[in-house]
Amino acid sequence: MFLSPKKKSKHIQVLTPSQHIERMDQIDEEGLKGMFAELCAALDENAACGVTRLIVNIGAFQNHPHLHWKAYMEGRVFKNLLARLPEQQQKQYKDAMKAVKLAKLAGALKRNKL
């Protein structure tokens with residue numbers, strides 16, 4: 001999960017299937033149904049009521065092509081989701097956000113244009 005460094009923050013949960021998938025033709029219809037069932041269960045368990053947009057990404061413009069979804073959600077839902085993470089993951093998230101902030105201050109990171 002990450003919080004976009006854009007001025008008006010977008011709260012995003014990134015979900016990836018357990019199987020590495022670079023192209024949609026790598027999965028059959030049954031696998032696709034199972035994958036979407038898992039996605040729905042994860043969203044329902046975590047934040048379905050606050051998800052405002054769901055994007056499927058498996059693009060050729062990725063450095064490392066892989067299937068993943070981006071669930072954009074309301075800030076309060078995202079904060080509740082973060083609060084339920086194990087302590088170690090909360091620390092990793094906070095450390096990553098500090099690194100993003102420092103990189104932006106140093107001019108090494110351009111603003112995300114989402």
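The values are calculated or read from the model by the stated rules, or taken from the named source; none is laboratory data. Only a predicted model underlies this, so the values are computations on that prediction, with no experimental measurement involved. Positions of Cβ are generated from backbone atoms using ideal geometry, with glycine treated the same way; all protein chains shown enter the neighbour counts.
Kindly check whether there is at least one residue in the stretch 22-37 that is surrounded by 14 or more Cβ atoms within 10 Å (Cβ to Cβ), touching a Leu at 6+ places or on another chain (Cβ under 6 Å) and modelled with pLDDT of 75 or more.
no
Need the failing condition index for Val100 against (1) part of a helix (DSSP H, G or I); (2) free of Cβ contacts under 8 Å to residues at least 40 places away in the same chain, just the number.
(2)
What number goes with the only condition from (1) more than 24 Å from Asp95 (Cβ to Cβ); (2) out of contact with any strand residue (DSSP E or B) (no Cβ under 9 Å at 6 or more places or on another chain); (3) at pLDDT below 85; (4) surrounded by 13 or more Cβ atoms within 10 Å (Cβ to Cβ) that Pro5 does not pass?
If we test Pro5 against (1) more than 24 Å from Asp95 (Cβ to Cβ); (2) out of contact with any strand residue (DSSP E or B) (no Cβ under 9 Å at 6 or more places or on another chain); (3) at pLDDT below 85; (4) surrounded by 13 or more Cβ atoms within 10 Å (Cβ to Cβ), just (1) comes out false.
Which pairs turn up if I take residues in the stretch 68-82 that are farther than 15 Å from Cys40 by Cα and look for partners that are buried (at least 17 other Cβ atoms within 10 Å of the Cβ) and not β-branched (Val, Ile, Thr) with beta carbon separation below 6 Å, at least 6 apart in sequence or on another chain?
Glu74/Gly50; Gly75/His11; Val77/Ala47; Val77/Gly50; Phe78/His11; Leu81/Asn46; Leu81/Ala47
Cβ-Cβ below 9 Å, separation at least six or inter-chain, first residue in the stretch 41-63 and farther than 15 Å from Thr16 by Cβ and at pLDDT below 70, second assigned to a helix (DSSP H, G or I) and not hydrophobic (A, V, I, L, M, F, W, C): which pairs?
So the pair list comes out as Ala47/Asn80.
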